[in-house]
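Bear in mind these aren't lab numbers, they're just calculated from the coordinates by the rules spelled out. Note that the coordinates shown come from a computational prediction; the quantities given were computed from them, not determined experimentally. Please note: Cβ atoms are built from the backbone with ideal geometry, for glycine as well, and neighbour counts cover all protein chains shown.
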Amino acid sequence: MAKRYRVAVLPGDGIGPEVTSEAVETLRLIGEIRGFALDFTNYPFGADHYMKTKETFPASALEELRGQDAILLGAIGDPRLPVGMLERAIISGIRFGLDLYVNLRPIKLFAADLCPLKGKTPEHIDMMVVRENTEDVYAGIGGFLKKGTPDEVAVQEMIFTRKGVERVIRYALELARSRGKARKLTLVDKANAVGAMDLWTRAFEEVGREYPDIARDHAYIDAACMWMVKNPESFDTIVVSNMFGDILTDLGAAIQGGMGIAASGNIHPGRVSMFEPIHGSAPKHAGKNVASPIGSILAAQMLLAYLGEGDGAALVEDSVAELFASGKLRSAGTDSGVGTREQGELVRDLIRQRSVSPK
Ligand code: IPM
Ligand code: MG
């Protein structure tokens, strides 16, 4: 019997639905080619759903998601609603609710033209960022005192736990090993100013000793930003706390061709995990067929790899790489001149060609 995978799809807001639909079509095609079935379940959560029902993300939905094999998310966020309300309820709700402690963000340049840095080619930019995804200032430990008065105090705690830090470092060490490239893991932190980050320094040292084949490197977050622009080739695998990782990976997205191209996986190894492009809902571009679906298609590629469909994942990634390397698509921005649907079709044409005559 053919394998079946249950995939929850949350297209979300803004450009989310249009890019997600290209990713879903691409997943269907890979299923046909590789001989597995995908049962998609759509969830409507996002701004329109909230406006109609006053529901952001019910606990029952989280329970349903636990029964899936993977989740594909489009984008969440809408200017009609209070800043961060839906993002915290839905994105953080799923990351925390399912304990998806790894936010895996590949930074890979497919064609030199895509890179805003002078003289950098695909051989210079190929790294993996492992962003911790369940702690830090995102943990929600904070609040206000005397809110709205001149004496107001606002606090948000930067929480790190030994277990939380250790498990993500271990994941990153395993990844540096399985990538088999430079076999180097760089810890990015701010331990010189944030004393509590000494916990990262010690855990990195102690767990790292169990991996004598992986070279340990270190950079403060400010310097890491500088190196990522100056010498991106010096990075192989990076492990970083939640908020610094959030910031560093937008910079990473920029050097690989922009927000339109970058993808991520919110992962708890062995459990249902969630895949999403790293861009937001970009309301001003919604419904115009101008947003790049490549980030979402590459999120689908990561989803396939996670499900163990490595050959299908490689078909997607190689086709996207060819699309850019051949010059058929010159940008992942909204100015590419190729529509959202047309980009999706181009990727699927290349997938079909590769699947009949493997290169
Ligand atoms: C990301 C986003 C989210 C984050 C926002 C939307 C809450 O920027 O996935 O990088 O900060 O994690
Ligand atoms: Mg971000």
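What the table below lists for this structure:
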quantity: Fluctuation leader among Ala321, Ala47, Ala61 - the chain, Gaussian network, Cα springs under 10 angstrom; calculated: Ala61
quantity: 20 Å reach of a label modelled at Arg6, 7 Å along Cα-to-Cβ, counting backbone N of the stretch 307-330; calculated: 307-309
quantity: Leu98, Leu86, Leu251, Leu303 arranged by Cβ crowding within 10 Å, fewest neighbours leading; calculated: Leu251, Leu98, Leu86, Leu303
quantity: Loop-located GluC sites (Glu not before Pro) in the stretch 54-85 whose Cβ has at most 10 other Cβ within 10 Å (DSSP); calculated: none
quantity: Label-point separation, Lys288 to Asp48 (7 Å along Cα→Cβ), nm; calculated: 1.9 nm
quantity: The stretch 135-177, relative contact order in percent, only Cα pairs under 8 angstrom and at least six apart counted; calculated: 38 percent
quantity: Using a Förster distance of 45 Å, the FRET efficiency for Glu345-Glu152 (Cβ separation, nearest 0.05); calculated: 0.30
quantity: Normalised contact order of the stretch 290-359, rounded percent, pairs of Cα under 8 Å and 6 or more residues apart; calculated: 43 percent
quantity: Theoretical gain in end-to-end length, Val194 to Arg28 [0.36 nm per residue, Cα-Cα removed]; calculated: 55.1 nm
quantity: Of Ser273, Ser60, Ser336, the one that fluctuates the most in a GNM where the chain has Cα springs shorter than 10 Å; calculated: Ser60
quantity: Ascending count of other beta-carbon atoms within 10 Å, so fewest first, for Met51, Met1, Met274, Met85; calculated: Met1, Met51, Met85, Met274
quantity: Listed residues Gln256, Gln68, Gln301, most fluctuating in the chain (Gaussian network, C-alpha, under 10 Å); calculated: Gln68
quantity: Likely footprinting exposure, Cys115, Cys225, fewest C-beta neighbours within 10 Å first; calculated: Cys225, Cys115
quantity: Loop GluC sites (Glu not before Pro), the stretch 175-251 (other Cβ atoms within 10 Å of the site Cβ: 11 or fewer; DSSP); calculated: Glu210
quantity: Links that overshoot a 26 Å alpha carbon limit, given the list Lys120/Lys288; Lys120/Lys181; Lys118/Lys284; Lys120/Lys328; calculated: Lys120/Lys288; Lys118/Lys284
quantity: Computed over the chain: relative contact order in percent, which uses C-alpha pairs under 8 Å that are six or more apart; calculated: 22 percent
